[in-house]
Amino acid sequence: MIQIAIVDDQTEAISGILSVFQQWEKENHVYFEIDTYTDADLFCDAIFDKKYQALFLDLDMPKKSGFDISQFLRELGNNTPIVYITNRDDLMQKAFQYKVLGFVRKDKIQEELPFAISCVVQEIQKKNSHVMIFAAHRQKKEYYNLPVSDILYIESENHQTKIYTVSTKDAIITRDSLRSYMEKEEFQGFIPISVSCIVNIEHIFSIEKDTLVLDNKKVLFISRRKVKSVKEMFQQKTRRNII
């Protein structure tokens, strides 16, 4: 079962959200274990003992807003996918600084929430996807079973393929070619930013002119020929997140 939390100060709103989840479960045969909170402070206390796979947060709460909770989680290094639920369209732009997965309007909950739930399930499935990497060392053979979601980018340099991840300090050097990774189904979420580098689009924080910034603040240069296509793909992803 997928473990999620819903945080909304209005019990009536929570009931409406739960009814949509129940209908989605019946139609898709994927099931959730759901904790609900009407008090943002109680949720922030509980997060230390809970391992939620996704969060559905109301933005308009009296004690802490959904933004306050998001900031609190990011400061803890918690990158759990978030879907915001609110009536305020004007907050949509601010929402994406927290790498929000989706944005659902309360007055369209029946129409928009099912799609948001589907996006959450797909995101969790991607995070659970692993790939076996054979590292090239002179003295020993070493294998890594890496979550694809942990890979930041892969680049080819000096006849070596280097894999950079969120969990390893140094690059993993492999004998496999960059093209071999580009052809794997697990790497469909990676975009080429040059002939020698592909980047996990989920880790792109922003794009400015001919550079992109990853969520670990690493800056990568985009080749002139790839700038337009990279920006378009990133914008498409951002628009998909606006449920």
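Pop a pseudo-label 7 angstrom from the Cα along the beta-carbon direction at both R224 and K63 and give the gap in nm to one decimal.
It works out to 5.7 nm between the two label points.
If you take the square roots of the eigenvalues of the alpha-carbon gyration tensor of region 2-127 and sort them as a ≥ b ≥ c, do you get rounded (a/c under 1.5), prolate (a/b over b/c) or oblate?
On the way: a/c = 1.33, a/b = 1.18, b/c = 1.13.
Because its axes are fairly even, with a/c under 1.5, region 2-127 counts as rounded.
Using a cut-off of 14 Å between alpha-carbon atoms, which aspartates and glutamates can reach K50, once sequence neighbours fewer than 8 places away in the same chain are excluded?
Straight-line reach from K50, under 14 Å: E33, D35.
Multiplying the sequence separation of N145 and R74 by 0.36 nm and subtracting their Cα-Cα distance, what value in nm do you get? Write down the numbers at each step before the final one.
Numbers: separation 71, 0.36 × 71 = 25.56 nm, distance 2.60 nm.
Gain on stretching N145 to R74: 23.0 nm.
If the limit is 23 Å between Cα atoms, which of K162/K217; K127/K226; K169/K218; K64/K218 go over it? Each step should come with its number before you reach the end.
Details: K162/K217 19 Å; K127/K226 27 Å; K169/K218 13 Å; K64/K218 31 Å.
Violating the 23 Å Cα-Cα cut-off are K127/K226; K64/K218.
Helix-derived [θ] at 222 nm for the chain: sum -39500 (n - 2.57) over DSSP H runs of at least 4, divide by residue count, nearest 500? Write down the numbers at each step before the final one.
On the way: 7 runs with 78 residues, N = 243.
The helix-only estimate for the chain comes to -10000 deg cm²/dmol at 222 nm.
Roughly what would the spin-label model give for K50 and E185, points 7 Å off Cα along C-beta, in nm?
Distance between the two pseudo-spin positions: 3.4 nm.
Where in the chain lies the longest segment free of chymotrypsin sites (Phe, Trp or Tyr not before Pro) that are both loop residues by DSSP (not H, G, I, E, B) and have at most 15 other Cβ atoms within 10 Å? Don't skip to the end; give the middle numbers.
Numbers: sites that count: Y31, F48.
Here the longest segment lacking exposed loop sites spans 49-243.
Every number here is computed from the coordinates shown, using simple stated rules; none is lab data. Everything numeric in this text was worked out from a predicted model, so none of it was measured. Quick reminder, even Gly has a Cβ in these numbers, built from the backbone with ideal geometry, and neighbours come from all protein chains shown.
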